[in-house]
Amino acid sequence: MDASEVVSAELGNRAPKVSVRGLSKIFGEGPGATVALQNIDLDIGEHSFVTLVGASGCGKSTLLRIVAGLEFHTEGEVVANDGPVTGPGADRAMVFQQYSLFPWLTVTENIRFSRKLAANRGDFTSAEVEAASGRADALLSLMGLDAAAKAFPNQLSGGMQQRVAIARALMPRPPILLMDEPFGALDAQTREVMHDLILYVFHLEKTTIVFVTHDVEEAIYLGQRVVVMAPRPGRIDSIHNVPLPAQRSQDMKLSPEFIQLKREIVGRIRETSGMKTDLEMLEKLRQRNV
């Protein structure tokens, strides 16, 4: 499906949780300037799970950082929760591939950190502080971290550390959760567990999730829509609705619908990145050497 046909797909009369219009990002100036993103239009509805895929250099992470307010755009407009994005905000939480946990704090202390800062500033009443403590305990259980509550990050596996990072991001109940290849450093088995965990969190917390990945299979399994981005300059090539039910299981990856969609998306990535041409050249060389 062409991107221009689905910018507002499935939103109905609801206002989008994230709206991007005419977005461009240029790094540098003059002859050495690089156009990282060009004319991006995208609407992401409330309580939707959208995944971004594409070849390296297509601007997936740059777009996510702009929505997070960690990077400024050159042209266009970004609106989140009915307000313009001019910087980071409590309404948008970010989870990175690197866990970025505080090594001197326990699991519980890492999760509670943002609430503790707010309490120290006097932004919380005593009742709100108590509620925040209960929220941290609930997130510990949700992430299966009860037994590790008093452990330090260096005592945890990679998957457990990422669970802590996700719990910390969810602590203030952000309406929007932005995830930049959060499972990229994990082994295949742990990734599958994390996939089902984040889907469970998504349905339980009713959060809007925007998820960047290089893994097409991961993008399809998690997302309700998959946005394929093309490089040089970074732009939206196509948007694909995922024909899977809300409740998912790993065996769905073997279904004809899943395999067909994966084939289509991989084909678009190869077409837009030049990989298709490279593969054709390799095939010609192989045939010459037979």
For the range 76-125: of the residues being among the acidic types (Asp, Glu) and touching a Pro at 6+ places or on another chain (Cβ under 8 Å), which is modelled with the highest pLDDT? Glu77
Restricting to the range 64-82, and then to whatever is part of a strand (DSSP E or B) and touching a Gly at 6+ places or on another chain (Cβ under 8 Å), can you tell me which residue is surrounded by the fewest Cβ atoms within 10 Å (Cβ to Cβ)? Glu77
Glu192 fails exactly one of the following numbered conditions: (1) modelled with pLDDT under 95; (2) within 20 Å of Ser56 (Cα to Cα). What is the number of that condition? (2)
What's the number of the condition Ala188 fails, among (1) crowded, with 18+ Cβ neighbours inside 10 Å; (2) under 23 Å from Tyr99 (Cβ atoms)? (1)
Give the residues of the range 136-170 that are in a loop (DSSP other than H, G, I, E, B), within 22 Å of the chain's Cα centre (by Cα) and surrounded by fewer than 19 Cβ atoms within 10 Å (Cβ to Cβ), sorted by residue number. Gly144, Ser157
Filter the range 40-63 for residues that are out of contact with any Gly (no Cβ under 6 Å at 6 or more places or on another chain), polar (S, T, N, Q) and outside any helix (DSSP H, G or I); the one that is surrounded by the fewest Cβ atoms within 10 Å (Cβ to Cβ) is Ser56
Can you tell me which of (1) farther than 22 Å from Ile198 by Cα; (2) modelled with pLDDT under 95; (3) within 18 Å of the chain's Cα centre (by Cα); (4) hydroxyl-bearing (Ser, Thr, Tyr) is the one Thr34 doesn't meet? (3)
Being of a type in the set (Lys, Arg) and either touching a residue at least 60 places away in the same chain (Cβ under 8 Å) or outside any helix (DSSP H, G or I) (or both) is the filter here, so list the residues in the range 237-260 that pass it. Arg248
Going by what's in this entry, would His214 be described as not in a loop (DSSP other than H, G, I, E, B) and not hydroxyl-bearing (Ser, Thr, Tyr)? no
What about Arg232, is it surrounded by fewer than 20 Cβ atoms within 10 Å (Cβ to Cβ), among the basic types (Lys, Arg) and part of a loop (DSSP other than H, G, I, E, B)? yes
Filter the range 261-270 for residues that are free of Cβ contacts under 8 Å to residues at least 12 places away in the same chain and either within 28 Å of Ile26 (Cα to Cα) or touching a His at 6+ places or on another chain (Cβ under 8 Å) (or both) and give the result. Gly267, Arg270
Hits in the range 1-31 - residues which are modelled with pLDDT of 85 or more, part of a loop (DSSP other than H, G, I, E, B) and either basic (Lys, Arg) or surrounded by 12 or more Cβ atoms within 10 Å (Cβ to Cβ) (or both): Lys17
Mind listing just one residue for me: the one in the range 188-211 that is outside any strand (DSSP E or B) and touching a Lys or Arg at 6+ places or on another chain (Cβ under 9 Å) and, of those, farthest from Glu46 (Cα to Cα)? Met194
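The values are calculated or read from the model by the stated rules, or taken from the named source; none is laboratory data. Because the structure is a prediction, the values reported are computed rather than measured. Reconstructed Cβ throughout: ideal geometry from the backbone, glycine too, with neighbour counts over all protein chains shown.
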